[in-house]
Each structure stands twice: as structure tokens, then as C-alpha cells.
Amino acid sequence: MTPRRKQTTPPPPSMHSVRFYKMIALSFLGLTVVLFAVVMFMVSKRATIVVTTTTNPVDVSTSVTVGSEGDIPGQIRLMTVSTTFAGAPTGNREEPGIAVGEVTLHNDSDRDQPLVKVTRLLTSDDILFRINKDVIVPANGSIEVGVYADVEGKQGNIAPVKRFRIPGLSSLRQNDVYASSETSMSGGIRKVGTVSDEDIDIAKKKLVQLLEEKAEEVTTTLSTDKKIVFGVTDTTITVPDNIIGEETSSFVLEGVAEVIAVLYDEEDVTGLSEQALLKHVVDDSEQLDINDSMPTVTFDSYDKDDGLATLEVFHDGVVTLVPESKQLQKLMFYGKTKDEIRRYVLSLDHVSGVQVRLSPAWTRTVPHVPDHVNIIVKQVE
């Protein structure tokens, strides 16, 4: 007789094991939720930092010598100019004078017309003037000549005249030969005063101005493709003898001066001045902008022994913060609060303001994710 096998069933799992696995599952789920929340929080954090920079003006004044042994090569030209100036004392009384001026003589005929000095010119009001030299008025042409009133007095101070007739010519010839003026006559009344030292000083200053104008005229006639600056030196002014204290309506000063014209290449001077300006740039966080401006160059002096001219050079520009500088890189702001960012940015040169926006609203520091940090640099003048 075959024995029968006895079947048994496993005991049901204990309540302790079920709780253990349930806790593991819940813990894993909770950790997943926390990690998801952390990731979402990190992804949602963003920062925008707006930095406002300003430009700071800089300038340089330096001396540059020009010549074969100077800072830059160049040419030096020496010239002489001369002129006169008619000064007047501070008048305290009036007296009659001879009015003078200038007219244009016209000849509408086909033959020349000679006129001798003192030829009369008559206005329609019968005010008489005379020419001050012999002239020949060309056929179908004109010529200018100085005139003076026939008598003293303010009646000679006339306005421009469209037509003077010439009574010395025949009535028929007067139709073709006549005169006109475009400016007023003056001098019929003159102020007379006693010449003082102050009058002479004023006249000297004006004479120097005339010499400088003459110097500019002669330097502009130089044929060159180089830049030119000039200076007026060794000015000699001649004052009439015993003029101080004399009672007169006018006096004449004579002046002579030496002109030093310096010819140079503008690029040479600009290169030197820009190098000097670059010394104002502390490091690679700053940049210099000269806005294509050219330096201002003036004459200072000339050394005849060395053959060197000294020029004074002034050049200006502005320095500002480079937007791409390492001081404004994103990593400089990672983990910083708004206050820390403000203190840091406002400590930089060429910065006038900063705005910080963090999102979401509960964010307190700048995220460490480069794509979530935006730095904007605005420049104001």
C-alpha cells in the first residue's frame, strides 16, 4: 500500500514585511517628488542684471618737437611779414575834416578816357569830390580810385551814390564816362584827442592781430600736402617819435614780425597723442574712445640753434567699461544676493547704476546656470 503525500500551504506573509516594502516604495516616491521639485526650482530660477555705465572724459596735453632730431620729422619755414595800423586817440572834441572814400569809374564807350588827379566828381546834390591820382578808364571797362571831398565838413559824409557826373567832360561824354560808389564816405567830422600810453597799447594789440592775419595768409600759400601750424615771433613795432601827448585825430604804427611755419604729418602727431591717451586705460576692463577726433595742435616755440620747433598738442576722448570684461562675466554673480550684487557692481569704475531682477519671487540668489543669467550693459553719456 502506497503511502499518500501530505500537501502543505505556505504561511501568509507577516504584516511586518508588508509595511517594510510599503515604506520603501513611499520613500522612493517621496524622494522622487523632492528631486523633481528641486530640479523644477533650479530650472525656474532666473536672474536679469542691468548695469548702467558712464563715460569718463580724459585728455592729454603734451609737447612734441618737430625736426630732423625731433620727436617727429617735419619741415620748418621762416618768413617775414609787415603791416601798419592807423590808431586814434580817445577823442574829446570834434572838428571838421576831409571826407574820403572810394569810387568806381565807368567807361561805356569804345575808347579809353584819361583823367588827371583832382578831376571833379559831382553828386546830384552838388557835393563835390576829387580823385586822388591820375587814371585811365579803359574802354568798355571800369577802374577803382580813391576820392576826397572838395571842402571840409560833415556834408562830405555821404551815403553810396549810384552816379557821379564828371563836369570837366562834355555833356555828351558824360553819358558814357561817370562814377559810382558802393560804400559811404567818411572823415568829414573827426575826433581830436591827446595820444596817451593806453591809446598806443591798444593800437599795438591790434597791430599784432594784423600781423598774425598776415602770417596766416602767407602760410596758406605754401604748396604742401602736410599740416601747417605757425607762430609769430620777434615782433618789432615802431611808434612815431614824440607821439605821446600830441593832439591829433590819428597816428600810424608800423610792425614787422618773423613767421615760423611748421609742416608735419598729422598721423605722426595723432599717433603720439593716442599713445598718451591710452595711459589712462588701467586694464583690459576699460576701453578708450576718441570718436575719430583729431588732436589740437598749436605753435609753442622755435630753437634756431637746434632747428627744432616745439608744438603743444591737446587730445581728448572718453574711457568706459568694456561690456565683455571679466568683471561682468556671469560667474561673478553666481550665488549672490541682490544686495551683494549692488555692492559689487557699484564698486566698479565707470558704473552709475544697477538693477537686479530675480524670479520666481521667492528666489534670493542668482542661479548657477549660465543660460538662466542675463547681463545687460547700458551706456549713458
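The values are calculated or read from the model by the stated rules, or taken from the named source; none is laboratory data. Because the structure is a prediction, the values reported are computed rather than measured. Neighbour counts run over all protein chains shown; Cβ positions are idealised from the backbone, glycine included.
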State all residues of the range 282-294 that are part of a strand (DSSP E or B) and out of contact with any Asp or Glu (no Cβ under 9 Å at 6 or more places or on another chain); if no residue qualifies, say none.
GLN287, ASP289
Of the conditions (1) out of contact with any strand residue (DSSP E or B) (no Cβ under 6 Å at 6 or more places or on another chain); (2) of a type outside the set (S, T, N, Q); (3) surrounded by 14 or more Cβ atoms within 10 Å (Cβ to Cβ); (4) not in a strand (DSSP E or B), GLU152 fails just one. Which one is it?
(1)
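Quick check on the range 230-264: of everything there that is among the hydroxyl-bearing types (Ser, Thr, Tyr) and assigned to a loop (DSSP other than H, G, I, E, B), which residue is nearest to ASP300 (Cα to Cα)? Break it down into steps so the answer makes sense when it comes.
Keep residues of the range 230-264 that are among the hydroxyl-bearing types (Ser, Thr, Tyr), which gives 233, 235-236, 238, 248-250, 264.
Next, from what is left, pick out any that are assigned to a loop (DSSP other than H, G, I, E, B): 249-250.
On the way: SER249: 38, SER250: 35 Å.
So the residue we want is SER250.
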Of LYS133, LYS227, LYS162, LYS206, which residue is modelled with pLDDT of 95 or more and closer than 25 Å to SER301 by Cβ?
LYS206
Only one of LEU105, LEU121, LEU169 is surrounded by 13 or more Cβ atoms within 10 Å (Cβ to Cβ) and either acidic (Asp, Glu) or in a loop (DSSP other than H, G, I, E, B) (or both). Can you tell me which?
LEU169
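For residues that are surrounded by fewer than 17 Cβ atoms within 10 Å (Cβ to Cβ) and touching a Lys or Arg at 6+ places or on another chain (Cβ under 9 Å), scanning just the range 172-188, find the one that is farthest from ASP108 (Cα to Cα). Full working, then the answer.
Initial filter on the range 172-188 (surrounded by fewer than 17 Cβ atoms within 10 Å (Cβ to Cβ)): 172-175, 180, 182-184, 186.
Narrowing the set further to residues that are touching a Lys or Arg at 6+ places or on another chain (Cβ under 9 Å) leaves 174, 180.
Values: GLN174: 10, SER180: 13 Å.
Step by step, filter the range 172-188, then rank; the result is SER180.
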Flag for VAL51 being in a strand (DSSP E or B), aliphatic (A, V, I, L, M), assigned by TED's automatic domain parsing to the domain that holds THR224 and touching a residue at least 40 places away in the same chain (Cβ under 8 Å)
no
Does the range 350-371 hold any residues that are closer than 29 Å to THR55 by Cα and surrounded by 15 or more Cβ atoms within 10 Å (Cβ to Cβ), and which are they?
HIS350, VAL351, VAL354, GLN355, VAL356, LEU358, VAL366
Filter the range 124-136 down to the residues that are in contact with a Pro (Cβ under 8 Å, 6 or more places away or on another chain) and outside any loop (DSSP other than H, G, I, E, B) and list them by number.
VAL135, ILE136
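Test ILE237 against the criterion of being under 18 Å from ASP201 (Cβ atoms) and either of a type in the set (Lys, Arg) or touching a Gly at 6+ places or on another chain (Cβ under 7 Å) (or both), and give yes or no.
Details: under 18 Å from ASP201 (Cβ atoms): yes; either of a type in the set (Lys, Arg) or touching a Gly at 6+ places or on another chain (Cβ under 7 Å) (or both): yes.
Judged against the criteria, ILE237 is a match.
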Go through (1) under 43 Å from the mean Cα position of the chain (by Cα); (2) in contact (Cβ under 8 Å) with a residue 60 or more places away in the chain; (3) part of a loop (DSSP other than H, G, I, E, B) one by one and return the number of the condition VAL356 breaks.
(3)
Residues of the range 307-336 classified as in contact with a Gly (Cβ under 9 Å, 6 or more places away or on another chain) and farther than 16 Å from ALA261 by Cα, total:
0
Out of (1) modelled with pLDDT of 85 or more; (2) over 30 Å from VAL64 (Cβ atoms); (3) out of contact with any strand residue (DSSP E or B) (no Cβ under 9 Å at 6 or more places or on another chain), what's the single condition that is false for TRP362?
(1)
I need every pair where a residue in the range 186-202 that is in contact (Cβ under 8 Å) with a residue 12 or more places away in the chain has its Cβ under 7 Å from the Cβ of a residue that is in a helix (DSSP H, G or I), sequence separation at least 6 or different chains.
GLY188/LYS154; GLY188/GLN155; GLY188/GLY156; ILE189/LYS154
Those residues of the range 295-319 which are outside any loop (DSSP other than H, G, I, E, B), surrounded by 18 or more Cβ atoms within 10 Å (Cβ to Cβ) and in contact with a His (Cβ under 9 Å, 6 or more places away or on another chain) amount to GLY317, VAL319
